[in-house]
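Participant: Got a structure here, written out as C-alpha cells. Questions coming.
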Amino acid sequence: GQQVMQIPQYQHVQEGEDFTTYCNSSTTLSNIQWYKQRPGGHPVFLIQLVKSGEVKKQKRLTFQFGEAKKNSSLHITATQTTDVGTYFCAGPGGSARQLTFGSGTQLTVLP
Amino acid sequence: DAGVIQSPRHEVTEMGQEVTLRCKPISGHDYLFWYRQTMMRGLELLIYFNNNVPIDDSGMPEDRFSAKMPNASFSTLKIQPSEPRDSAVYFCASSRNLGTSGGTDTQYFGPGTRLTVL
C-alpha cells in the first residue's frame, strides 16, 4: 500500500495562533482523508479530498489537496482549546477499501 | 444511531492469558477493520473483513493473533497467549461501500479497547 508521511509530529501553539499539518506521499494518491483523535478518544472522520488542487473549508479548518495529488495540508485558523488532539491524514491502502494512516500531528493549544 | 461498539473498554491481564476483544459494527456496514495503536508504531491495520469474510490479514503480527466474524453484527480479535508487547489500544472500525468515484469509504471507529498485559 501507499505510505503517507506527516509532519510535524508535535505542535504547540498559543490559543489564537494558526496551525498547519502536512501530509506527503511519494506516489500519486487517488484521494486523501483527514481524521481527528481527541486525547483518550478514537479517530473521527473530518473530510475527504478527491480532486487535484481541491480546497475545502469547515469553519476554521481549511483542507488542501496538491495539484499533483501527492500532498495535502490541514490549516486551522485562530486555534481554540477545543482543537486539541491528533490529526491524521490517511491515503488509500493496499486495496480499494483500506486506509493507510500517517503518523499524525499532535496539537497542543496553550490557553 | 448507535456507532461502533467495542468491549471491554479496558482490559488488564497477565502474560500468557487469553484475551478476547469484541466489536459490533454499525448496522448495514459491510466492511470491518481491526487496528492497533501504539506510540511507537502509530495506527496499524491488523485485518479487515468484507461481508464477514477475511480479506487481508497481512497486518496480523503473528499466529498468537486471530480474528473472526461469525455474522454481520459481531467480530472478535483474540490473542493467545498474550505478551506485554501486545499492550496497546485496539480499535474496530466499520464502513459501507458507497461507490464514491475516486474516493475511499469513510471509516467509523469504535471507542477502542485499552489492553494492558502485565
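The values are calculated or read from the model by the stated rules, or taken from the named source; none is laboratory data. Fair warning: this is a prediction, and the values are worked out from it, not measured in the lab. Don't worry about glycine lacking a Cβ; one is built from the backbone with ideal geometry, like all the others, and counts go over all protein chains shown. SASA here: full protein model, heavy atoms, side chains in, ligands and nucleic acids out. Shrake-Rupley method; radii C 1.70, N 1.55, O 1.52, S 1.80 Å.
Participant: Only one of these conditions is not met by A:Q37: (1) buried (at least 17 other Cβ atoms within 10 Å of the Cβ); (2) within 13 Å of chain B (Cβ to nearest Cβ); (3) without any contact (Cβ under 8 Å) to a residue 24 or more places away in the chain. Which number is it?
Facilitator: Going through (1) buried (at least 17 other Cβ atoms within 10 Å of the Cβ); (2) within 13 Å of chain B (Cβ to nearest Cβ); (3) without any contact (Cβ under 8 Å) to a residue 24 or more places away in the chain one by one, A:Q37 breaks only (3).
Participant: Can you name the residue in segment A:40-53 that is out of contact with any Ser or Thr (no Cβ under 8 Å at 6 or more places or on another chain) and not small (G, A, S) and, of all such residues, is surrounded by the fewest Cβ atoms within 10 Å (Cβ to Cβ)?
Facilitator: Top of the filtered list is A:K51.
Participant: Looking at segment A:14-30, can you tell me whether even one residue there is modelled with pLDDT of 95 or more, part of a strand (DSSP E or B) and touching a helix residue (DSSP H, G or I) at 6+ places or on another chain (Cβ under 9 Å)?
Facilitator: Looking for residues that are modelled with pLDDT of 95 or more, part of a strand (DSSP E or B) and touching a helix residue (DSSP H, G or I) at 6+ places or on another chain (Cβ under 9 Å), one finds at least one in segment A:14-30, hence yes.
Participant: Further, regarding this structure: Kindly check whether there is at least one residue in segment B:51-61 that is over 11 Å from the mean Cα position of the chain (by Cα), within 12 Å of chain A (Cβ to nearest Cβ) and assigned to a strand (DSSP E or B).
Facilitator: Yes - at least one qualifying residue is present in segment B:51-61.
Participant: Scan segment A:95-111 for residues that are assigned to a strand (DSSP E or B), over 13 Å from A:C23 (Cα atoms) and open to solvent by 20 Å² or more (accessible area, probe 1.4 Å) and jot them down.
Facilitator: Of everything in segment A:95-111, those that are assigned to a strand (DSSP E or B), over 13 Å from A:C23 (Cα atoms) and open to solvent by 20 Å² or more (accessible area, probe 1.4 Å) turn out to be A:Q106, A:T108, A:L110.
Participant: Return the only residue of B:R36, B:R64 being farther than 22 Å from A:Q98 by Cβ, more than 10 Å from chain A (Cβ to nearest Cβ), touching a strand residue (DSSP E or B) at 6+ places or on another chain (Cβ under 8 Å) and of a type in the set (K, R).
Facilitator: Exactly one residue qualifies, and that residue is B:R64.
Participant: I would also like to ask the following. Can you pull out every residue in segment A:54-89 that is among the aliphatic types (A, V, I, L, M) and surrounded by 15 or more Cβ atoms within 10 Å (Cβ to Cβ)?
Facilitator: Across segment A:54-89, the qualifying residues are A:L61, A:L74, A:I76, A:V84.
Participant: Can you work out which of the residues in segment B:67-114 that are of a type in the set (V, I, T) and away from every other protein chain (no Cβ under 14 Å) is nearest to the chain's Cα centre (by Cα)?
Facilitator: Looking at the filtered set, the residue picked out is B:T76.
Participant: For segment A:74-94: of the residues being part of a strand (DSSP E or B) and within 19 Å of B:G103 (Cβ to Cβ), which is nearest to the other protein chains (Cβ to nearest Cβ)?
Facilitator: Ranking the qualifying residues of segment A:74-94, first place goes to A:P92.
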